[in-house]
Every structure is written in C-alpha cells, then in structure tokens.
C-alpha cells in the first residue's frame, strides 16, 4: 500500500515533518510518497494564498498519485480537496473532516484553534459549507501565523494553554482542535495542562488515512471529469484534465 501526502504550500520541511510522523499511524509496510507544492506561498494565511495553493495541490496530485491507495491533504484548510476528490479513484483525506469527527464524537462541542487571524472567517465559511459547524463552540485564532509558530513552537505553548482554557471556560468547548501542520507536536505538549481533549489535526488525518488504507478496495474504479484542453499548466496536470480521469503512471 502507498499513501500520498500532499503539502499544498512550498515548505519542504513541513512535508517532511508530516512524513516522519506517518509510520506511527499507518499500517506496517505502507509506502509514504510526499509532494510539496511546486509553486505558491510558503504558508497559507489568506484567501489569495488559498486559491494558489488549491492549484498547487491538484498539480501535486497529478504528478504523484499514480499507484497510491489513499491521499492525505496535509493542510487544515483543505485547498484543492473537492477538485482532487473529483478525479481520484482512491480516498482523499481532509484534515478538517478527520479532526472534526474526532473532536465531535459523542456530541461534544469543540473549538478550533489555529495561527493567523485571517483564518477565523475563512474556517467559519469552510465549516459552514461542509455542514461541520453544528457542534462548533468557537474558532479562536492567534496572531502568529502557522509558519511563525512552526519556527519556534515552544515559545507559544503558554499562549496555546491559556487560549484553550479560555475556550473551555468561555465558549463551552469540550474538545480543542489544533488546526494546521505547523502546530504538530503542540497538542501532546500542552495536553497535561488542558482539561479537555486536545486534538492535533495532522494526527487525526493520519488516523483517518490509516483507516482508509486498511479498508482499501483493491479494485480501482475510474474517477472522471470532462476531458478539456488547457494552457500553461504542468504536463502532468494538463494530461489529467485532457484524459478526464485520474493520474496514471
């Protein structure tokens, strides 16, 4: 089995961090294939960056998906998710879906906590469009972006603890999601000081990917869309659109 991990931004160190964590979650002998955005923002912190990263995500899929049994889109905003799902014959895992499913288990109300103030309204719109907002207690953002937090996560631990405790006390949160690959490792570090489950979105995504791999159907039904010519795209993405089907070897 093979898992494709797509990082839609252009930070290879973040891709590697997710890849190094993956073997602890996926079935033994699973091959890990990684893809980092070939163009676009170093991290996503606006709708404009999100739009570019969506293109980068499906471009990465087109170039790397052949032979893979599941795809993990390793960005909490899920740029390009619907487009990749349209053409992929294998499961495409969303960090938002996976983390909200875990946090909301048994009817719990949850808070999403992430870095970058612009993510607040962006996440609110994303959750509403996917009908994942029913148990949402709040969305709280920190001024540092995910990229800044990833550069020195320990410096923000107390800020995360204080914000989690405020969400529990003021918003009625029964679980906390730390959204974003840049926040990996913080959930485990702060959990002893927080009186509610703290869920790392990437670890939730890897658990969902592992479940998808274990349930994988060896028969690969075709996924398709309208075959259309294109201009200015990478050869792999142009071929994907021209074929009207999934990425092939």
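One table, with the values for the structure above:
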{"quantity": "Scope segment 76-87; condition touching a strand residue (DSSP E or B) at 6+ places or on another chain (Cβ under 6 Å) and either crowded, with 20+ Cβ neighbours inside 10 Å or assigned by TED's automatic domain parsing to the domain that holds residue 152 (or both); matching residues", "calculated": "78, 81, 84"}
{"quantity": "Segment 132-151: number of residues that are loosely packed, with under 15 Cβ neighbours inside 10 Å and not in a loop (DSSP other than H, G, I, E, B)", "calculated": "1"}
{"quantity": "Flag for residue 44 being under 14 Å from the mean Cα position of the chain (by Cα), part of a loop (DSSP other than H, G, I, E, B) and not assigned by TED's automatic domain parsing to the domain that holds residue 179", "calculated": "yes"}
{"quantity": "Which numbered condition residue 173 misses (of (1) part of a loop (DSSP other than H, G, I, E, B); (2) modelled with pLDDT under 95)", "calculated": "(2)"}
{"quantity": "Residue 129 in contact with a strand residue (DSSP E or B) (Cβ under 9 Å, 6 or more places away or on another chain), at pLDDT below 95 and surrounded by fewer than 24 Cβ atoms within 10 Å (Cβ to Cβ)", "calculated": "no"}
{"quantity": "Any hit, segment 213-223, residues being crowded, with 19+ Cβ neighbours inside 10 Å and either assigned to a helix (DSSP H, G or I) or modelled with pLDDT of 95 or more (or both)", "calculated": "yes"}
{"quantity": "Residue list for segment 157-173, restricted to those being buried (at least 20 other Cβ atoms within 10 Å of the Cβ) and touching a helix residue (DSSP H, G or I) at 6+ places or on another chain (Cβ under 9 Å)", "calculated": "160, 164, 173"}
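The values are calculated or read from the model by the stated rules, or taken from the named source; none is laboratory data. Small disclaimer: the values here were computed from a predicted structure and weren't measured. FYI the Cβ positions are ideal-geometry reconstructions off the backbone, even for glycines, and counts take in every protein chain you see.
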